[in-house]
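Please treat every number below as a calculation from the coordinates, not as lab data. Just so it is clear, the structure is predicted and the values come from calculations on it, not from any experiment. Here Cβ is always computed from backbone atoms with ideal geometry, including for glycine, and neighbour counts include all displayed protein chains.
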Amino acid sequence: MAKNEDGADHVLVRAVRPFEGAEGHKDESSPPFRVHRRRAAELKANGLVEHHDEPEAKAAPVPQNKMAAEPANKAAPAATGRRTRD
């Protein structure tokens, strides 16, 4: 059963030398492109491509929402003075 292009059977590669193939003309200035993992292994064995990490695959740090409301269970700040009896 064939998987879609975003499946585990495809990887992202980047050309390191010029070549012409089923993917068209690729060279060092070409953007990274997806190929089947077997085709990637073949191209890599011939010194034509290298694996390229996908930016989406890495967990990007989640920016904190500075406008978020304070938690409802946050304790009130302690009083800073000493109380005395009159």
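Please state which of the following conditions ARG34 fails to meet, knowing it meets all the rest: (1) part of a strand (DSSP E or B); (2) touching a Gly at 6+ places or on another chain (Cβ under 7 Å); (3) basic (Lys, Arg).
(2)
Which residue pairs have Cβ atoms closer than 9 Å, lie 6 or more positions apart in sequence or on different chains, and pair a first residue in segment 24-36 that is hydroxyl-bearing (Ser, Thr, Tyr) with a second residue that is surrounded by 10 or more Cβ atoms within 10 Å (Cβ to Cβ) and not in a loop (DSSP other than H, G, I, E, B)?
Close Cβ pairs satisfying both conditions: SER29/ALA15; SER30/ARG14; SER30/ALA15.
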